[in-house]
Amino acid sequence: MYNSEELFIDKFIACLRKLGINSFPFDNEDFYNGIENMQQYFCANRDKMGEYQNELAMLFIKRPLEGVYSEFRNAISKQNGWYIAFENPEYVVASIKLDNNGASYILRQNDLNIGNDYLFEFAKAFCKGAEIPVMSKC
């Protein structure tokens, strides 16, 4: 996994927190519907993703045999114990453990050269696809 992919996942989780999301579905139909929406947003805005667009594209490859976005799923899994926790027996819900200050800190970093407006649109696209109500209007 590229460092840019890890940074993107960190920022994705931070955006969810800033949007008022406390938990999100994981490794189920809602989760993959959310990623599908993000993938469509990525394709429509790829040229605005800067120098890391090819690396980030790896997160949005749907594996044909599984029919899932395994790179994105695996990247989220790596955050278990850091910014999220799987506290349910079947790991179908990820609880965000990042607080608002931590989310702000992550989003202030200019390590991806992708504007926060775009990052928030990714998070909103995920929420729309996963049918998660958004609490905040970041």
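The values are calculated or read from the model by the stated rules, or taken from the named source; none is laboratory data. Note that the structure is predicted; figures quoted are calculated from it, not measured. Cβ: placed from backbone, ideal geometry, glycine included. Neighbour counts: every protein chain shown. Heads up: the accessible areas ignore ligands, DNA and RNA and are worked out on the full protein's heavy atoms, side chains in. Shrake-Rupley method; radii C 1.70, N 1.55, O 1.52, S 1.80 Å.
Take Arg73 and tell me if it is farther than 15 Å from Ala14 by Cα, of a type outside the set (Phe, Trp, Tyr) and modelled with pLDDT of 95 or more. When the stated conditions are applied, Arg73 passes them.
Within the span defined as the range 43-55, every residue fails to be closer than 21 Å to Asp27 by Cβ, part of a helix (DSSP H, G or I) and of a type in the set (A, V, I, L, M). Counting just the residues of the range 77-103 that are over 13 Å from Cys15 (Cα atoms) and among the aromatic types (Phe, Trp, Tyr), which one comes out modelled with the lowest pLDDT? Among those residues, the one meeting the criterion is Tyr91. Checked against (1) open to solvent by 50 Å² or more (accessible area, probe 1.4 Å); (2) out of contact with any helix residue (DSSP H, G or I) (no Cβ under 8 Å at 6 or more places or on another chain); (3) touching a residue at least 40 places away in the same chain (Cβ under 8 Å); (4) over 21 Å from Met1 (Cα atoms), Asp30 passes all but a single condition, namely (2).
Would you check which residues across the range 66-89 are open to solvent by 60 Å² or more (accessible area, probe 1.4 Å), within 19 Å of Asn33 (Cα to Cα) and charged (D, E, K, R) and list them? Hit for the range 66-89 is Glu66, nothing else. Per the listing Ser104, Ser136, Ser95, the residue uniquely open to solvent by less than 70 Å² (accessible area, probe 1.4 Å) and either of a type outside the set (Ser, Thr, Tyr) or part of a helix (DSSP H, G or I) (or both) is Ser104. Among what's in the range 1-26 and is modelled with pLDDT of 95 or more and assigned to a loop (DSSP other than H, G, I, E, B), pick the residue that is most open to solvent (accessible area, probe 1.4 Å). Across the range 1-26, the extreme among qualifying residues is Asn22.
Taking the criterion of being among the hydrophobic types (A, V, I, L, M, F, W, C) and surrounded by 12 or more Cβ atoms within 10 Å (Cβ to Cβ), the residues of the range 49-65 that qualify are Met49, Leu56, Ala57, Met58, Leu59, Phe60, Ile61.
Please find, within the range 69-92, the residue that is farthest from the chain's Cα centre (by Cα) out of those that are in a helix (DSSP H, G or I) and among the hydroxyl-bearing types (Ser, Thr, Tyr). Please lay out each step first, then the result.
Taking the range 69-92 and keeping what is in a helix (DSSP H, G or I), we get 70-77.
Still in the running and among the hydroxyl-bearing types (Ser, Thr, Tyr): 70, 77.
On the way: Ser70: 13, Ser77: 11 Å.
Of everything passing the filter in the range 69-92, Ser70 is farthest from the chain's Cα centre (by Cα).
Phe122 passes every criterion in (1) assigned to a helix (DSSP H, G or I); (2) open to solvent by 60 Å² or more (accessible area, probe 1.4 Å) apart from (2).
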